[in-house]
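J.: Pasting in a structure now, in structure tokens, and then I'll have a few things to ask.
The values are calculated or read from the model by the stated rules, or taken from the named source; none is laboratory data. Only a predicted model underlies this, so the values are computations on that prediction, with no experimental measurement involved. Positions of Cβ are backbone-derived with ideal geometry, glycine not excepted, and every protein chain shown enters the neighbour counts. Accessible surface areas use protein heavy atoms only, side chains included; no ligands, DNA or RNA. Shrake-Rupley method; radii C 1.70, N 1.55, O 1.52, S 1.80 Å.
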Amino acid sequence: MLLVYIPENSERCQYVFELIFKLDFGIEYRVTTDSNVFIRYAKEKINYSDARIGDSFFIKATPFLFETAIRQQHITVTQKEHVKVLFANENDDLGFDIFSSVFYMVSRYEEYLPFAPDEDGRFKASDSLAFKNDFLQIPVVNIWCDILRNRMNEMFPSLTAKASLFNTLLTYDIDVAYKFKGRSTFRTLGSIAKDILNLRLRNIYQRFTTLLNFQKDPWDTYNYLREASTIANLKTVFFFLMANKSENDRNLDYRNPWMKRLIRNVMQYSDIGIHPSYSTTEFPEKIEIEKRRLEQICGEQITKSRQHYLKFRLPGTYCSLIAAGVTEDYSMGFSGMAGFRAGTCKPFYFYDLEKEEVTGLKIFPVTLMEGAFMESKTDLAQSLLQVLNLISEVKKVQGTFISIWHNHTVSETSEYREWKNAHNKMIQAIQ
């Protein structure tokens, strides 16, 4: 068993040790604050303090993990070996404070500090330490852990860490279930009037042929998504928007028979989750209401969630999810830029910095959302190259690649047909 020495008790230390040693490495460990116990221990041990103790494996501790306040940190990013690191050290056995580095990234410490939000009230990717230092598209946390794993293998050959396996999860947000189907007569007539005024003749044709059952709704891509994931033997999660209709929440009404049938059909081959609406950041009580609507339709408890627009604030939104009975969140990604928001491509538990405690909410970090490429108007070929590079990065560290697509972006409509091809190439690359 590995023994870790720290000079004083620290919730932050306990959290990051559990994340690295237990969840990632799969090894048994215990912590002591007694230096005499540490000195007498004859087996594998790590000293995490500000000074060496004998000839033990020494990682020099910065004060960061022994603080309890949330304050502006002056982080210097440096290059060590083949990766950028935080909290660089001299005269220890690793060259940087890996525990502080990991905690800073996965706790999303910088998002608790004052920031200038985007037009949707979100923390911007461009304001992140990772973007500013050009490592947003590198899973640095997992690379740091591999550096520690390799160093420990050299120091403690009898201490065997478990091997990780590359995993994939395809996730789909159902913001608008169908393009034409399921609307009320009033909404349909209003849409037709807009199409006529804007001379959208193809829309008019498609609407009538869909409503008369001469063709499938253009955004009814669910059979395709089922077949694509089944053939590739990949797991999926579909997130359904159950909001009252508003400017930013435009799905079919949750009471609509078409919506209910769709959800019950998707349940036959995929996990499902709630897609809390745009305003739940400001009105968190809506999360439980919308979650209950989905539970009433599917007849089972819903524990998975992803915020609409990837819009959340820390720690408030996550605390509201916990209060509503959610145990897994899939919102940890940037809407406008692909990459690793928390520096990792492996699940971890949310640490509430305001309360200084670990929670039971498991965070599944998102690698990319197709909308990030569309929003930035990135060339399709360049977008696909970024997707393939991100898959490669996740494979290198044996992490979990999680993508977000929408039912309409894999449709055969002219504006999305090429994106459907990109979706197929992504699936081929992850097999």
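J.: How high is the relative contact order of the chain, in percent, with contacts defined as C-alpha pairs under 8 Å that are six or more residues apart?
T.: Reported as a whole number, the value is 16 percent.
J.: Under the rule of at least 5 residues apart or a separate chain, name every residue whose amide H is placed under 5 Å from the amide H of SER49.
T.: The list, which skips near neighbours in sequence, is ILE59, ALA61.
J.: Starting from the 7 Å offset along Cα-to-Cβ, what nm value, one decimal, do you get for the label separation of LEU380 and TYR349?
T.: 4.5
J.: Just to confirm the filter: which GluC sites (Glu not before Pro) across the range 332-379 are DSSP coil and have at most 13 other Cβ within 10 angstrom of their Cβ?
T.: Those that pass, being in a loop and sparsely packed, are GLU354.
J.: Per residue and in cubic angstrom, what volume does the convex hull of the Cα atoms of the range 277-431 have?
T.: 135
J.: Moving on to the next point. To the nearest 10 degrees, how steeply does helix 140-155 sit against the main Cα axis of the chain, on a 0 to 90 scale?
T.: Taking the Cα atoms of the chain, the angle to 140-155 is about 30 degrees.
J.: Which whole-Hz ³J(HN,Hα) couplings does the range 11-18 yield from phi under the Karplus relation 6.51 cos²θ - 1.76 cosθ + 1.60, θ = phi - 60°, glycine and proline marked x?
T.: 4, 5, 4, 4, 5, 6, 5, 5
J.: Given springs between every Cα pair under 10 Å in a Gaussian network model of the chain, which of VAL176, VAL83, VAL326 has the largest fluctuation?
T.: VAL83
J.: When ligands, DNA and RNA are left out and all protein chains stay put, how many square angstrom of accessible area per residue does the chain have with a 1.4 Å probe?
T.: Normalised by residue count, the accessible surface of the chain is 45 Å².
J.: Now a separate question. Angle, helix 380-396 long axis vs. longest principal axis of the chain, Cα atoms, 0 to 90°, nearest 10?
T.: 40
J.: Ok, one more. Within the range 386-425, whose backbone N sits under 14 Å from a point 7 Å along Cα→Cβ of THR209?
T.: From the range 386-425, the list is 412-414.
J.: Is there a quick way to get the dipole size of the chain? I mean about its Cα centre, with the Cβ of Lys and Arg at +1 and of Asp and Glu at -1; what is the value in debye to the nearest 20?
T.: Roughly 1660 debye for the chain.
J.: If you don't mind, another one. How high is the FRET efficiency from ARG30 to ILE75, r the C-beta distance, R0 25 Å, rounded to 0.05?
T.: Given R0 = 25 Å and the Cβ-Cβ separation, E is 0.25.
J.: Who wins for biggest fluctuation among SER335, SER35, SER279 in a Gaussian network model of the chain, springs between alpha carbons below 10 Å?
T.: Maximum fluctuation in the GNM of the chain, among the listed residues, is at SER35.
J.: For the chain, give the percent of accessible area contributed by carbon and sulfur heavy atoms, probe 1.4 Å, rounded to a whole number.
T.: The nonpolar share, carbon plus sulfur, comes to 50 percent.
J.: What are the semi-axes of the equivalent ellipsoid for the range 70-134, taken as the square roots of 5 times the Cα gyration tensor eigenvalues, largest first, in whole Å?
T.: Working through the eigenvalues yields semi-axes of 26, 13, 9 Å.
J.: Using θ = phi - 60° and the Karplus form 6.51 cos²θ - 1.76 cosθ + 1.60, what ³J(HN,Hα) does each residue of the range 333-343 get, whole Hz, x for Gly and Pro?
T.: x, 9, 6, x, 7, 6, x, 10, 4, 9, x
J.: Compute the long axis of helix 222-232 from its Cα atoms, compare it with the longest principal axis of the Cα atoms of the chain, and write down the angle in degrees, 0 to 90, nearest 10.
T.: On a 0 to 90 degree scale, this one is about 40.
J.: Per DSSP helix of 4 or more residues, -39500 (n - 2.57); summed, then divided by the residues of the chain. What does that give at 222 nm, rounded to the nearest 500?
T.: -10000 deg cm²/dmol
J.: Can you give me the long-range amide H partners of PHE348? Hydrogens built in the peptide plane at 1.01 Å from N, cutoff under 5 Å, separation of 5 or more residues or another chain.
T.: ILE363
J.: What's the center-to-center distance, using Cα atoms, between the range 129-155 and the range 226-288 in Å?
T.: 35
J.: Something else now. Of the candidates ASP55, ASP329, ASP93, which one comes out as most mobile in a Gaussian network treatment of the chain with C-alpha springs shorter than 10 Å?
T.: Looking only at ASP55, ASP329, ASP93, the biggest GNM fluctuation is shown by ASP55.
J.: Next up: Can you give the FRET efficiency to the nearest 0.05 for GLU90 and ILE289, using r as the Cβ-Cβ distance and R₀ = 51 Å?
T.: 0.40
J.: Beyond 14 Å, what share of the Cα-Cα pairs of the range 316-356 is found? Please give it as a whole percent.
T.: Above the 14 Å cut-off, the range 316-356 has 55 percent of its Cα pairs.
J.: Another question, if that's okay. Give me the base-10 log of I(q)/I(0) for the range 342-412 at each q in 0.14, 0.15, 0.16, 0.26 Å⁻¹, Debye formula, one uniform scatterer per Cα, rounded to two decimals.
T.: Here the Debye-derived log intensity ratios amount to -0.58, -0.64, -0.71, -1.16.
J.: Additional query: Using alpha carbon coordinates only, what is the Rg to Rh ratio of the chain, with Rh defined as the Kirkwood radius?
T.: 1.02
J.: OK, next. R0 = 51 Å: FRET efficiency of ASP120 with ARG40, Cβ-based, nearest 0.05?
T.: 0.35
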